[in-house]
Each structure stands twice: as C-alpha cells, then as structure tokens.
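The values are calculated or read from the model by the stated rules, or taken from the named source; none is laboratory data. All values derive from a computational prediction rather than experimental measurement. Here the Cβ positions follow ideal geometry from the backbone for every residue, glycine too, while neighbour counts run over all protein chains shown.
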Amino acid sequence: MLRHSVSPDPGRPQDEIRRLNLGNLLRLVHLGGPLSRSDLGRRMALNRSTILALTADLTAAGLVDEQRPPPAAPPGAAGRAGRPSLVVRPASSRVYVLAFDVAVDRLVAARVALGGEILERRDAVRSRAGADLDTVVGVLAGFGRDLYATADPRSVCVGVAASYCGMIRPADGMVRFGPDMGWVDQAFGTELGKELGLGLPVVVGNEAHLGAVAEHVRGAGTGFENLIYLHGDVGVGGGIVVGGTLLDGEAGYGCELGHMVVNPYDGRPCGCGSRGCLEAEVGERALLDAAGRPPGLIGRAALRDVVADGRRGDPAARAALRRIGDWLGIGVANLINLFNPGVVVFGGMLRDVYPGAAAQVRARIANNVLAVSRDVRLRVSALGDDATLMGAAELGFAGLLADPLGVLARQAG
Ligand SMILES: [Zn+2]
C-alpha cells in the first residue's frame, strides 16, 4: 500500500517531495511503531542525511521524538559502526484525533493517539428506534467535547472522523442511506461538526470500508495487499482492498457486498427492497430465524446466544450456523474468484458467527473457487468491535499524514 519514498523528479517541486516524504516517514512510525533511523532509511530507500533532515523537521514540529534504544535493543537496531541508531517514535502524548463510531446498537467516541493507541473512550447504547439524527449527534458531540476538554492542553487534535453504518457521501458526510435505521439523506457529518464546535470538519466513512482499512493496516490483514473484509451488523457490509487501496467506487458507495444477490428465486427479503441478497441470507435475522428464535428477539446478545448454543452442541443452533455458513461461503467464493485476495477477514457479528460456520465456508471455497485462487487465509477480525472505530481514527489522521507540517501548523496555531 505504501509508497515509502519519493524519488527526485525534475517535474516535481522540492517542497512537494519533502511533504510526501515527511508524510511517508510519519506513516511508518504511526502504523509500525518505533523504528530506528537506519530502518527508516532502508524502508524509504533514502540516505542517512535525508532521514536525519526529515526526522529533525518532524521532531521540531512535535510529531515524533527520538530516543536512544534500550540496551537490549533487538538485532538490526544497531548502526553500521555498532553505534545504536536513534529510535523514532510517534509523539503519541501530543497528537491525537477524535474518532466516532455509530453502529446499529451502540455509539462510541474516543481520543486516539498518533500511533493508534486509544487514550480515552466513551460508550453508549443506541436503541434501534428509527431515524434519530439529533439524539446520535447530541450524544456523540457531548462525548467529543468532553474528550477534547480532558485532553492535555499541550496536545493537538489534528482531525475528527466518524464511522457510520450506512452509505456515506464522502464530500460532506451525508448519510445517503442507512437501511437498518431508516436514515435517508441525513446531514450527519455537518451536524456533528456544528455541535462539536471545535472548528474542525468531521470526515465520515462507511463502517465496513473503515473496518477494512483498519484490519489492513493494524489488524488481521496486515502484510496483505489484497483483502476482503465482511462486516456483520444487522446486515452485512464490505470493504475490498486491492493493491493496498480501498475500492470505494465512482461516488463512494462501492463494496456493498451484503447486497450481492446469492439467492434470487426463493431468497429472503432484504432491507434494500431486493430478495436473496447475501445479508438477507446471513444477517442477524436470518441466523435467529434459522435457529428458531422468536421474531421479536433481536440484537448482538441474542446472536451470541445462538453461537454459544452451537458450541455446546445444540442441534438447532448448529444447523442454523451451518445454513448461514453455506450462504456465507457462496458469497465468499464469488468474491475470491473476483478479487483473488490474500486474506478474507470476518468482522462485526460475523466474527462471532464465523467459527461455527467455517466448515461450510471452506467447503464452498473448495467446491466453487478456481483452484489457482484457493490459497487464501480466512481470519476473524483482530481488532474486534473496535475495527470500525480504529478505521475512523485512520480517516482522521489522513490529512496529517498527507501534509504533516501544514496540518500541524494550522491546528497548533
Ligand atoms: Zn439487499
């Protein structure tokens, strides 16, 4: 995914090369943790004096700090002459973003440090009560103002971003369609920005897109350039990373893997108005119905009960998980044939469901995927319920990583 350095190019101005290299260096320590100057030089294919100049700029701006490595430094941390190379670390106590996560049944806000550590968080339950823009914005803005006020006054907030469980217009964070909660054209990003009153825009992304990004850079998909992420909530969202880049489509609404039609003739009705979509066959309602649970029973706890019953050997729960696993496998097999991913990651409620359904998914892959593409890892989310929140944090840091000194000067000024 990462172009680690930018070569001199007669057509490219020097200050642009410097800005890109500063961003790439900061991204390396933000995602990879402390790195020695010599490691940075190797990874960015830049010489010692260039790395020195870049780290000096970032240190002066307060974005990284440099330390001698501890005495028991790992191999490779020593310089050529045996002198320990300084270790460059993200300034995680000074630079942070506010990240928000709006899921179907919960609201989360967090202060996330450069480097990815969640410094402080607030959680609330969201009732499944239909369109509730004012409530959601009110709760999140309260959390956000509180997190901002309790931060060290010497620290700098460099971005604000949110994950939302619906289809988002990237330009202004408008929720175009949130099928599970009945949101249509709700100005979520704009309203949250106004209510927060921090003078910072709120960037909003689709939860499954952001989950895919987070798993790619920090989770179960680290090291893979081609990844499929399936996020179960009430429905199923998706994120596809190809060659290190998220596919978002012409207008930002791509990767709706949950609405891939897998069972058009006698499939279950879907919230989108269609029939036999993947999410209609593997979503929360499908599993609860297949397990014979009463129609009024909903929610993550009910779903986890089915998974736990399946683990205990309850025949109805096991049969339900097998049924969901077969449909899930059909969807995953199609995606593997289309994209030849290195890894498929199951997140959200699919993280709970997948272990009980894995045999059917593997059987579908064995039967329906072209032999050349069958070498694929199947993993559950490593970031768990925080995948979407961490994806929002990465969205919040994107501006800083594109122009570290410019963004810091604007925010710190
Ligand atoms: Zn659908």
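Would you confirm whether any residue within region 231-242 is exposed (fewer than 15 other Cβ atoms within 10 Å of the Cβ), within 10 Å of the ligand (Cβ to nearest atom) and of a type in the set (Gly, Ala, Ser)? Taking every residue of region 231-242 in turn, none turns out to be exposed (fewer than 15 other Cβ atoms within 10 Å of the Cβ), within 10 Å of the ligand (Cβ to nearest atom) and of a type in the set (Gly, Ala, Ser).
Only one of the listed residues (Gly258, Gly310) is part of a helix (DSSP H, G or I) and touching a strand residue (DSSP E or B) at 6+ places or on another chain (Cβ under 9 Å). That residue is Gly258.
The residues of region 353-384 that are free of Cβ contacts under 8 Å to residues at least 60 places away in the same chain, in a helix (DSSP H, G or I) and buried (at least 17 other Cβ atoms within 10 Å of the Cβ), listed by number, are Tyr354, Gly356, Ala357, Ala358, Gln360, Val361, Arg364, Ile365.
Any idea which residue in region 161-204 is modelled with the lowest pLDDT, counting only those that are under 16 Å from Gly142 (Cα atoms), in contact with a helix residue (DSSP H, G or I) (Cβ under 7 Å, 6 or more places away or on another chain) and not in a loop (DSSP other than H, G, I, E, B)? Filtering region 161-204 for residues that are under 16 Å from Gly142 (Cα atoms), in contact with a helix residue (DSSP H, G or I) (Cβ under 7 Å, 6 or more places away or on another chain) and not in a loop (DSSP other than H, G, I, E, B), the one modelled with the lowest pLDDT comes out as Phe188. For Val261, the criteria (1) farther than 24 Å from Gly384 by Cα; (2) buried (at least 18 other Cβ atoms within 10 Å of the Cβ); (3) among the β-branched types (Val, Ile, Thr) hold in every case but one, which is (2).
Pairs linking a residue in region 170-184 that is farther than 17 Å from His259 by Cα and touching a residue at least 24 places away in the same chain (Cβ under 8 Å) to a residue that is within 15 Å of the ligand (Cβ to nearest atom) and part of a loop (DSSP other than H, G, I, E, B), with Cβ atoms under 8 Å and 6 or more positions apart or on different chains, are Val175/Gly166; Trp183/Gly166.
If the condition is being crowded, with 23+ Cβ neighbours inside 10 Å and in contact with a helix residue (DSSP H, G or I) (Cβ under 8 Å, 6 or more places away or on another chain), then region 396-413 contributes Phe397, Leu400, Pro404.
If you go through region 271-280 one residue at a time, do you hit one that is modelled with pLDDT under 95 and closer than 21 Å to Ala103 by Cβ? Yes: region 271-280 contains one or more residues that are modelled with pLDDT under 95 and closer than 21 Å to Ala103 by Cβ. Scanning region 85-124 for residues that are within 20 Å of the chain's Cα centre (by Cα), among the charged types (D, E, K, R) and assigned to a loop (DSSP other than H, G, I, E, B) yields a total of 2. Within region 148-194, take every residue that is more than 23 Å from Gly239 (Cα to Cα) and of a type in the set (Lys, Arg) and give me the one that is nearest to the ligand (Cβ to nearest atom). In this case the residue turns out to be Lys194.
Given the structure, is Arg304 in a helix (DSSP H, G or I), basic (Lys, Arg) and closer than 27 Å to Met390 by Cβ? In short, yes.
Residue-by-condition table, conditions (1) surrounded by fewer than 15 Cβ atoms within 10 Å (Cβ to Cβ); (2) in contact with a helix residue (DSSP H, G or I) (Cβ under 9 Å, 6 or more places away or on another chain); (3) in contact (Cβ under 8 Å) with a residue 12 or more places away in the chain; (4) farther than 30 Å from Gly173 by Cα:
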residue	(1), (2), (3), (4)
Asp266	yes, no, no, yes
Arg285	no, no, yes, no
Pro295	yes, yes, no, yes
Ile298	no, yes, yes, no
Gly310	no, yes, yes, yes
Pro315	yes, no, no, yes
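Here is a yes/no grid of residues against (1) within 15 Å of the ligand (Cβ to nearest atom); (2) touching an Asp or Glu at 6+ places or on another chain (Cβ under 9 Å); (3) among the hydroxyl-bearing types (Ser, Thr, Tyr):
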position	(1), (2), (3)
Asn263	yes, yes, no
Pro269	yes, no, no
Gly276	yes, yes, no
Ala280	yes, no, no
Ala286	yes, yes, no
Leu303	no, yes, no
Arg311	no, no, no
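Within region 230-255, the residues that satisfy the criterion of being touching a residue at least 24 places away in the same chain (Cβ under 8 Å), among the hydrophobic types (A, V, I, L, M, F, W, C) and part of a loop (DSSP other than H, G, I, E, B) are Val234, Ala251, Cys255. Within region 329-351, the set of residues being in contact (Cβ under 8 Å) with a residue 60 or more places away in the chain and assigned to a helix (DSSP H, G or I) comprises Ile330, Gly331, Val332, Asn334, Leu335, Ile336, Phe339, Met349, Leu350, Arg351. Looking across region 46-82, just one residue is among the basic types (Lys, Arg), farther than 24 Å from Gly116 by Cβ and modelled with pLDDT under 90, and that is Arg80.
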